[in-house]
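Asker: The structure under discussion is supplied below as structure tokens; questions concerning it will follow.
The values are calculated or read from the model by the stated rules, or taken from the named source; none is laboratory data. Predicted model only: the values in this text are computed from it and were never measured. Quick reminder, even Gly has a Cβ in these numbers, built from the backbone with ideal geometry, and neighbours come from all protein chains shown. What goes into the accessible areas is simple: the full protein's heavy atoms, side chains included, and nothing from ligands, DNA or RNA. Shrake-Rupley method; radii C 1.70, N 1.55, O 1.52, S 1.80 Å.
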Amino acid sequence: MSNFIVGLTGGIASGKSEVSRRFEALGIVVADADIAAREVVAQGSPVLAEIAKRFGSDILLADGSLDRARLRQLIFADAEERRALEAITHPAIRARVREVCAAAESPYAIAAIPLLTEVGGRAAYDWLDRILVVDAPEAVQHARLLRRDTIDAALADRMIQAQASRAQRLALADDVIVNDGHPDQLQVHIEALDLRYRELAVGRAADL
Ligand code: ADP
């Protein structure tokens with residue numbers, strides 16, 4: 001049971017996955033909101049039933065699973081429909097991430113929430129004990145996106161601009177990893193934070 005939970009966020013291609021992998025290699029459980037988002041709409045789930053009620057049963061494929069392409073189409077250009085979907089899915093995603101963190105056997109757990117700033121920040125996740133932001137200059141995000149996703153420069157720009165700004169994310173941070181250098185530098189920073197979080201988790205356990 002981990003009762004110290006660190007929220008991990010950062011802009012697209014800032015290096016969140018890389019950071020998560022390195023914490024996992026140190027034995028820390030990472031609960032990923034993107035994975036939770038897929039789990040909560042699994043075939044037969046109450047969330048999927050709610051979605052079918054709100055958007056119509058033709059949002060389901062013949063086998064009863066979610067027709068993601070159709071749902072994407074429905075919410076793409078319609079903010080109201082998108083909000084309706086989020087009102088159904090977000091509480092379930094939050095609950096699932098929290099459940100995975102709480103069940104973790106590691107000294108502390110990490111809740112990786114890529115869009116933490118966009119979905120309401122600390123107020124939406126008031127059970128996070130600390131927030132760690134992975135930060136990189138936009139030019140670095142841009143270059144990594146081109147390399148990782150083999151997309152063109154205009155799309156990379158749009159993806160970065162569609163997100164919260166660097167300043168908005170940093171405003172939430174208790175800790176920041178600036179990931180604009182060699183991956184070895186990242187490792188040094190992560191090991192220092194890991195030690196700190198282990199200490200804080202022990203302090204928390206003593207308080208209980
Ligand atoms: P995110 O999960 O934030 O979208 P990733 O962890 O996938 O970002 O990182 C984006 C890309 O940049 C990946 O291909 C990753 O391997 C690479 N990357 C991450 N950190 C570094 C770094 N310090 N130096 C070079 N490449 C990096």
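Asker: Which residue is farthest from SER14 (Cα to Cα), if the candidates are limited to the stretch 173-188 and must be among the hydrophobic types (A, V, I, L, M, F, W, C) and either surrounded by 13 or more Cβ atoms within 10 Å (Cβ to Cβ) or near the ligand (Cβ under 10 Å from one of its atoms) (or both)? It would help to see each step written out before you state the result.
Answerer: If we filter the stretch 173-188 for residues that are among the hydrophobic types (A, V, I, L, M, F, W, C), which is where we start, we get 173, 176-178, 186, 188.
If we keep only those that are either surrounded by 13 or more Cβ atoms within 10 Å (Cβ to Cβ) or near the ligand (Cβ under 10 Å from one of its atoms) (or both) as well, we get 173, 176-178, 186.
On the way: ALA173: 15, VAL176: 12, ILE177: 10, VAL178: 9, LEU186: 12 Å.
Result: ALA173.
So that you can scan it fast, the table gives a plain yes or no per residue for (1) of a type in the set (Val, Ile, Thr); (2) touching a residue at least 40 places away in the same chain (Cβ under 8 Å); (3) open to solvent by 60 Å² or more (accessible area, probe 1.4 Å):
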position	(1), (2), (3)
ARG22	no, yes, no
GLU50	no, no, yes
PHE55	no, no, no
ARG68	no, no, yes
PRO91	no, no, yes
CYS101	no, yes, no
VAL119	yes, no, no
TYR125	no, yes, no
LEU132	no, yes, no
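Asker: Has the stretch 74-84 got any residue that is out of contact with any helix residue (DSSP H, G or I) (no Cβ under 8 Å at 6 or more places or on another chain) and under 22 Å from ILE35 (Cβ atoms)?
Answerer: Taking every residue of the stretch 74-84 in turn, none turns out to be out of contact with any helix residue (DSSP H, G or I) (no Cβ under 8 Å at 6 or more places or on another chain) and under 22 Å from ILE35 (Cβ atoms).
Asker: Checking GLU191 against (1) of a type outside the set (S, T, N, Q); (2) touching a helix residue (DSSP H, G or I) at 6+ places or on another chain (Cβ under 9 Å); (3) farther than 20 Å from GLY7 by Cα; (4) surrounded by fewer than 18 Cβ atoms within 10 Å (Cβ to Cβ), which test does it fail?
Answerer: Every condition holds for GLU191 apart from (3).
Asker: Scan the stretch 24-45 for residues that are part of a helix (DSSP H, G or I), more than 13 Å from the ligand (Cβ to nearest atom) and in contact (Cβ under 8 Å) with a residue 12 or more places away in the chain and jot them down.
Answerer: Residues satisfying the conditions are ALA36, ALA37, GLU39.
Asker: Hey, could you check the stretch 1-20 for residues that are more than 8 Å from the ligand (Cβ to nearest atom) and out of contact with any Leu (no Cβ under 8 Å at 6 or more places or on another chain) and say which is modelled with the highest pLDDT?
Answerer: Within the stretch 1-20, the subset more than 8 Å from the ligand (Cβ to nearest atom) is 1-9.
When the remaining residues are screened for being out of contact with any Leu (no Cβ under 8 Å at 6 or more places or on another chain), the result is 1-2.
Working: MET1: 69, SER2: 81.
Among those residues, the one meeting the criterion is SER2.
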